[in-house]
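Before any comments, here is the structure.
The values are calculated or read from the model by the stated rules, or taken from the named source; none is laboratory data. In this text the structure is predicted, and so the values were computed from the model without any measurement. Note that each Cβ is placed from the backbone with ideal geometry, even for glycine, and that neighbours are counted across all protein chains shown.
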Amino acid sequence: MALIAVGGFQHETNTFAPTKADYGAFEVGAGRPGIQFGAAIATAVAGANIPAAGALDALHALGHRTVGLVWAAASPSAQVTQDAYERIAGEIVRRLAEAGPVDGVYLDLHGAMVAEHFDDGEGELLARVRKVVGDRIPVVASLDLHANVTRAMIARADGLVAYRTYPHVDMAETGQRAAQLLDATLKRGRPMAKAWKTFDYLSSLPSQCSLIEPCKGLYQALERIEQQPGLCLSFAPGFPMADFAECGMTVFGYGTDEAKARAAVARLAGAVADAEKDFALELFSPEDAVRRAMQRGEPGAPVVLADTQDNPGAGGNGDTTGLLAAMLRLRANDAVLGMLIDPHSAKAAHALGRGHTARFALGEISGVPGHVPLAGEFTVEALGDGSFTGTGPFQRGLRLNLGPMALLRSREAPGVRVVLASKKCQAADQEMFRHLGVEPKTQRLIALKSSVHFRADFQPIAKEVLVVRAPGPALADPGEFRWTKLRHGLRLRPLGPAFAGASAPPNAT
């Protein structure tokens with residue numbers, strides 16, 4: 001029986017997003033528990049689809065003891081502030097040192113964290129942890145599927161294990177797999193052999209969904225290759241919104257035999273390279289998407305529109321109104337958009353009261369250039385406190401607290417309703433609508449502030465899913481960002497132009 005130190009520090013950083021993650025963002029958690037310390041970690045994550053929960057369960061089932069350090073997560077945004085990074089990383093390292101001799105370390109990381117003062121947030125944290133425990137104590141971490149895995153992360157960890165699903169329905173399962181790799185490393189008495197491969201192109205978030213090709217087939221191939229004894233493989237498509245040299249897609253793996261590990265990684269990497277053309281994705285304008293949904297959607301089989309560029313799960317603030325404006329202009333019927341993150345309007349709706357009508361100025365809080373709040377008359381149909389438990393595959397068991405919520409119906413286009421929330425969280429669970437009395441499957445059109453995670457709960461009821469290019473900071477085409485730090489030669493989109501420096505035009509073809 002070994003003593004395992006357990007901690008976590010999760011942030012997905014969109015360096016082009018409008019707001020940064022300060023310490024308060026980790027206290028709030030936004031769809032995850034707020035920052036936790038010591039023994040409170042296990043209680044806070046218990047039963048939730050969170051890697052640390054799966055890891056703790058697996059470590060205890062394997063007979064190990066655990067000591068909690070710090071676990072923290074914040075909603076995706078721009079860089080983690082230096083203050084927040086140093087306070088959280090510093091506390092992880094301090095508690096690890098105070099725990100005395102441990103036999104291993106498990107960390108619940110994201111893999112795409114950029115801080116104000118470190119481009120590679122996880123690589124720096126792993127270096128600090130390694131400095132405390134030395135080279136002989138195994139350090140293993142679970143990672144998000146969107147991890148930008150760096151040389152430093154590979155070098156400083158004895159094992160990294162990434163999610164295999166997007167929507168991320170296997171987060172707790174990934175924590176279990178990481179715990180099993182740590183256990184196998186302890187029993188082996190020395191580190192596993194490792195192999196790692198990067199790629200020369202970026203892919204967009206919506207195209208990385210594991211429910212559709214090419215990722216569906218790539219993860220099936222991963223599992224076939226991994227059937228060889230003693231192998232642990234991962235494919236991370238990366239987070240294509242972090243402007244630093246090592247942004248991108250990776251394949252990595254660990255094994256008891258170095259030759260087999262290298263061969264397995266090479267085989268999977270070949271499949272990823274061959275799939276480049278298949279990562280191209282059709283994007284719809286707001287107007288075209290709404291028109292198609294009005295033609296095809298019906299109660300019981302709605303058309304779902306993904307407002308991907310304002311996805312709070314990718315650094316957007318969930319407050320742009322481009323798609324909502326198209327719904328109103330075209331006078332959509334049986335249509336609902338959620339969630340528009342607008343605490344001021346939600347508060348005003350609560351003050352006004354259910355059944356009352358007033359003029360609102362909705363959204364556009366984060367100041368996307370050229371956009372102003374959407375003004376119009378709306379009736380307050382329902383109110384909620386924003387406290388409920390997720391029931392869908394992605395957020396099942398998570399106790400959500402989104403602050404005051406409201407359901408508004410447009411006076412000018414009565415077939416259009418909008419769900420307001422006060423705290424940033426992407427629309428990935430049907431309970432976000434049911435909390436205000438809306439049953440999603442009865443709609444003709446559902447517009448969601450999300451890129452892919454919504455598919456876990458909404459795709460089963462959808463006639464079809466359309467990915468919409470409406471205004472927002474989480475651009476669906478990586479080639480449209482104004483990159484400055486990428487490595488030269490990296491293609492900005494599948495089969496697209498290569499990065500040639502900061503002066504390269506962002507929309508080159």
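Cβ-Cβ below 7 Å, separation at least six or inter-chain, first residue in segment 453-468 and closer than 12 Å to residue 282 by Cβ and modelled with pLDDT of 95 or more, second surrounded by 20 or more Cβ atoms within 10 Å (Cβ to Cβ) and among the basic types (Lys, Arg): which pairs?
465/455
Can you name every residue in segment 272-286 that is part of a helix (DSSP H, G or I) and surrounded by 17 or more Cβ atoms within 10 Å (Cβ to Cβ)?
272, 276, 279, 286
One residue is enough: does segment 404-418 have a residue meeting the conditions closer than 30 Å to residue 27 by Cβ, acidic (Asp, Glu) and either touching a Ser or Thr at 6+ places or on another chain (Cβ under 6 Å) or assigned by TED's automatic domain parsing to the domain that holds residue 375 (or both)?
Looking through segment 404-418, none of the residues is closer than 30 Å to residue 27 by Cβ, acidic (Asp, Glu) and either touching a Ser or Thr at 6+ places or on another chain (Cβ under 6 Å) or assigned by TED's automatic domain parsing to the domain that holds residue 375 (or both).
Residues that are within 21 Å of the chain's Cα centre (by Cα) and in a helix (DSSP H, G or I): does segment 287-304 have at least one?
No: segment 287-304 contains no residue that is within 21 Å of the chain's Cα centre (by Cα) and in a helix (DSSP H, G or I).
Could you list, in sequence order, all residues of segment 124-172 that are of a type in the set (Lys, Arg) and part of a helix (DSSP H, G or I)?
Correct list: 128, 130, 131, 151, 156.
Of the residues 306, 346, which single one is crowded, with 16+ Cβ neighbours inside 10 Å and farther than 12 Å from residue 418 by Cβ?
Result of the check over 306, 346: 306.
Does residue 179 satisfy the condition of being part of a helix (DSSP H, G or I) and either in contact with a Phe, Trp or Tyr (Cβ under 9 Å, 6 or more places away or on another chain) or assigned by TED's automatic domain parsing to the domain that holds residue 236 (or both)?
Judged against the criteria, residue 179 is a match.
What are the pairs with Cβ atoms under 6 angstrom where one residue, in segment 361-373, is assigned by TED's automatic domain parsing to the domain that holds residue 318 and under 15 Å from residue 315 (Cβ atoms) and the other, located anywhere, is among the hydroxyl-bearing types (Ser, Thr, Tyr) and surrounded by 12 or more Cβ atoms within 10 Å (Cβ to Cβ)? Sequence gap at least six, or different chains.
From residues that are assigned by TED's automatic domain parsing to the domain that holds residue 318 and under 15 Å from residue 315 (Cβ atoms), the pairs are 368/320.
Which number in (1) touching a residue at least 12 places away in the same chain (Cβ under 8 Å); (2) assigned to a helix (DSSP H, G or I); (3) charged (D, E, K, R) marks the one condition that residue 319 misses?
Just one mismatch for residue 319, condition (2).
Restricting to segment 445-465, and then to whatever is surrounded by 24 or more Cβ atoms within 10 Å (Cβ to Cβ) and assigned to a strand (DSSP E or B), can you tell me which residue is nearest to the chain's Cα centre (by Cα)?
The qualifying residue nearest to the chain's Cα centre (by Cα) is 448.
Being of a type outside the set (A, V, I, L, M, F, W, C) and over 26 Å from residue 393 (Cα atoms) is the requirement here; does residue 485 meet it?
It is true that residue 485 is of a type outside the set (A, V, I, L, M, F, W, C) and over 26 Å from residue 393 (Cα atoms).
Can you tell me which residues in segment 226-270 are at positive phi and either within 25 Å of the chain's Cα centre (by Cα) or buried (at least 24 other Cβ atoms within 10 Å of the Cβ) (or both)?
238, 248
Which of the numbered conditions does residue 213 fail, given that it passes all the others? Conditions: (1) surrounded by fewer than 18 Cβ atoms within 10 Å (Cβ to Cβ); (2) at pLDDT 95 or above; (3) farther than 17 Å from residue 276 by Cβ.
(3)
Yes or no: residue 500 crowded, with 18+ Cβ neighbours inside 10 Å and in contact (Cβ under 8 Å) with a residue 12 or more places away in the chain?
no
Looking only at segment 353-375, filter to residues that are outside any loop (DSSP other than H, G, I, E, B) and buried (at least 18 other Cβ atoms within 10 Å of the Cβ); which one of those is nearest to the chain's Cα centre (by Cα)?
362
Among the β-branched types (Val, Ile, Thr), assigned to a loop (DSSP other than H, G, I, E, B) and in contact (Cβ under 8 Å) with a residue 40 or more places away in the chain: is that true of residue 419 in this structure?
no
Kindly evaluate residue 73 against the criterion of being at negative phi and free of Cβ contacts under 8 Å to residues at least 60 places away in the same chain.
So residue 73 fails the test.
Residues of segment 346-380 being at pLDDT below 95 and among the small types (Gly, Ala, Ser), which ones?
Hits for segment 346-380 are 366, 367, 370.
Please indicate, with yes or no, whether at least one residue in segment 386-396 is under 30 Å from residue 247 (Cα atoms), in a loop (DSSP other than H, G, I, E, B) and in contact with a His (Cβ under 7 Å, 6 or more places away or on another chain).
Checked against the condition, which is being under 30 Å from residue 247 (Cα atoms), in a loop (DSSP other than H, G, I, E, B) and in contact with a His (Cβ under 7 Å, 6 or more places away or on another chain), segment 386-396 yields at least one hit.
Residue 190 fails exactly one of the following numbered conditions: (1) at pLDDT 95 or above; (2) surrounded by fewer than 24 Cβ atoms within 10 Å (Cβ to Cβ); (3) not polar (S, T, N, Q). What is the number of that condition?
(1)
Kindly establish whether residue 426 is touching a helix residue (DSSP H, G or I) at 6+ places or on another chain (Cβ under 8 Å) and either modelled with pLDDT under 95 or not charged (D, E, K, R) (or both).
Yes; evaluated as a whole, the condition is true for this residue.
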